[in-house]
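The structure under discussion appears below in the form of structure tokens.
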């Protein structure tokens with residue numbers, strides 16, 4: 001019963017996601033859906049990423065949280081236009097749905113945007129199930145979270161086009177087998193690119209940003 | 001529309017949770033619902049906790065994950081009876097619902113159990129909404145997750161009876177204001193006990209385990 005209801009919600013979501021996808025294609029906007037656990041360092045990673053992209057790649061951001069505008073405030077410092085969505089306004093949703101993205105995107109002049117980054121609600125389960133009309137999905141996993149998260153949350157790693165392994169500056173202080181973590185990611189999703197970075201020290205940021213720039217270029221080129 | 005549907009699911013859940021609560025009261029079992037982000041160190045914390053409780057407090061565990069039996073395998077080493085629930089068997093649910101707990105509890109001889117610990121699915125949003133018939137809820141937050149999580153996920157911190165701030169052994173290597181984190185927890189939930197621990201080094205475990213023992217004793221005393 002519960003599963004049937006969820007299925008109906010997902011069907012409605014998929015229809016709106018397709019409308020979003022057409023709109024973004026029409027406006028030549030590349031949309032990136034960024035997902036992770038709470039506290040994996042999404043916002044720091046995106047702040048450093050956007051600083052390296054702008055003004056070359058004109059970037060806008062939609063930030064999802066249950067509550068607060070903390071992340072939007074932090075990302076606005078990059079100079080990119082930012083919209084915060086607080087899901088506690090509609091029941092405390094644990095993910096961003098396609099209709100929320102459609103509404104939030106109205107805040108931007110899409111003709112002036114090359115890349116729209118969506119920072120999803122911190123959650124490794126539900127956001128993986130909701131298509132928002134994006135071109136690519138990325139998961140951020142931090143090395144403080146344990147090696148087995150890809151096996152425990154397989155859908156998230158299966159649907160994503162790239163994985164970022166963050167906080168590698170903390171490796172000397174942890175009992176963490178990074179190679180095992182990467183093996184677990186690749187076991188769930190063979191050939192997925194895995195970028196090992198520290199958003200704090202900016203170690204490893206170049207190859208991640210180069211990958212993203214290439215993706216945006218592919219969509220924008222005539 | 002979506003919110004109405006969710007409300008109905010929650011009503012059904014509450015009814016079953018009350019049945020669970022009566023059953024556990026009748027069998028004199030104290031039920032603890034432990035929630036957190038993925039990778040906060042719930043399983044390590046519980047392993048160390050159970051080792052300090054057994055055999056004095058007869059403990060059983062229900063472990064929830066979307067996939068894998070990793071955590072149940074780890075906790076079984078304590079000697080406590082453990083049941084793993086994998087929610088991918090029923091749609092990949094992001095939380096444990098009351099009917100799942102009712103079914104899993106059938107695996108135990110409840111007359112021989114003083115404390116039933118439920119390790120919920122790693123998620124700071126949805127599990128907070130689902131009563132499972134527990135006596136107390138506890139949230140585990142690790143110091144690698146950022147100070148503002150209580151403000152961003154307020155419901156979780158509002159409904160919990162205690163908070164554990166884990167991984168304090170990593171504080172020297174982080175830019176983390178522990179006092180701010182505690183202030184944020186108390187801002188959402190005044191007077192909540194906050195236990196600062198490192199499950200790895202066992203620093204701070206005594207006062208947390210003493211609190212839990214006292215709670216169990218209160219319920220069991222005639």
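Some notes on this structure:
- Here residue B:67 clears all of (1) within 10 Å of chain A (Cβ to nearest Cβ); (2) touching a strand residue (DSSP E or B) at 6+ places or on another chain (Cβ under 8 Å); (3) touching a residue at least 40 places away in the same chain (Cβ under 8 Å) except the condition numbered (3).
- Yes/no for residue A:53 being within 25 Å of residue A:111 (Cα to Cα), in contact with a strand residue (DSSP E or B) (Cβ under 9 Å, 6 or more places away or on another chain) and surrounded by 24 or more Cβ atoms within 10 Å (Cβ to Cβ): no
- Among residues of the stretch A:75-86, those that are part of a helix (DSSP H, G or I) and within 10 Å of chain B (Cβ to nearest Cβ), counted: 0
- Scope the stretch B:87-102; condition part of a helix (DSSP H, G or I), at the interface with another protein chain (Cβ under 9 Å from one of its Cβ atoms) and out of contact with any strand residue (DSSP E or B) (no Cβ under 7 Å at 6 or more places or on another chain); matching residues: B:88, B:90
Okay, residues lined up against (1) over 23 Å from residue B:56 (Cβ atoms); (2) touching a helix residue (DSSP H, G or I) at 6+ places or on another chain (Cβ under 7 Å); (3) in contact (Cβ under 8 Å) with a residue 40 or more places away in the chain:
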{"position": "B:102", "(1), (2), (3)": "yes, yes, yes"}
{"position": "B:113", "(1), (2), (3)": "no, no, yes"}
{"position": "B:125", "(1), (2), (3)": "yes, no, no"}
{"position": "B:131", "(1), (2), (3)": "yes, yes, yes"}
{"position": "B:153", "(1), (2), (3)": "yes, no, no"}
{"position": "B:177", "(1), (2), (3)": "yes, no, no"}
{"position": "B:183", "(1), (2), (3)": "yes, no, no"}
{"position": "B:195", "(1), (2), (3)": "no, yes, no"}
{"position": "B:199", "(1), (2), (3)": "no, yes, yes"}
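- Residue B:157 meets each of the listed conditions (1) in contact with a helix residue (DSSP H, G or I) (Cβ under 9 Å, 6 or more places away or on another chain); (2) surrounded by fewer than 20 Cβ atoms within 10 Å (Cβ to Cβ); (3) within 12 Å of chain A (Cβ to nearest Cβ) apart from (2).
- Across the stretch A:24-36, not a single residue is classified as assigned to a helix (DSSP H, G or I), within 14 Å of chain B (Cβ to nearest Cβ), crowded, with 19+ Cβ neighbours inside 10 Å and touching a residue at least 12 places away in the same chain (Cβ under 8 Å).
- Boolean, residue A:172 is farther than 18 Å from residue A:47 by Cβ and under 22 Å from the mean Cα position of the chain (by Cα): no
- Residue in the stretch A:37-60 that is over 30 Å from residue B:41 (Cβ atoms), away from every other protein chain (no Cβ under 14 Å) and assigned to a strand (DSSP E or B) present: yes
- Note on the stretch B:84-107: residues that are under 17 Å from the mean Cα position of the chain (by Cα) and buried (at least 19 other Cβ atoms within 10 Å of the Cβ) total 13.
- Qualifying residue in the stretch B:1-15 (condition: at pLDDT 95 or above and buried (at least 17 other Cβ atoms within 10 Å of the Cβ)): no
- Test: residue in the stretch A:167-185 that is surrounded by fewer than 24 Cβ atoms within 10 Å (Cβ to Cβ), closer than 21 Å to residue B:70 by Cβ and in contact with a strand residue (DSSP E or B) (Cβ under 6 Å, 6 or more places away or on another chain): yes
- Some residue of the stretch B:115-127 being at pLDDT 95 or above, over 17 Å from the mean Cα position of the chain (by Cα) and facing chain A (nearest Cβ under 10 Å): no
- Checked against (1) more than 14 Å from every other protein chain (Cβ to nearest Cβ); (2) modelled with pLDDT under 95, residue B:203 passes all but a single condition, namely (2).
The values are calculated or read from the model by the stated rules, or taken from the named source; none is laboratory data. Since we're looking at a predicted model, the values are computed, not measured. Positions of Cβ are generated from backbone atoms using ideal geometry, with glycine treated the same way; all protein chains shown enter the neighbour counts.
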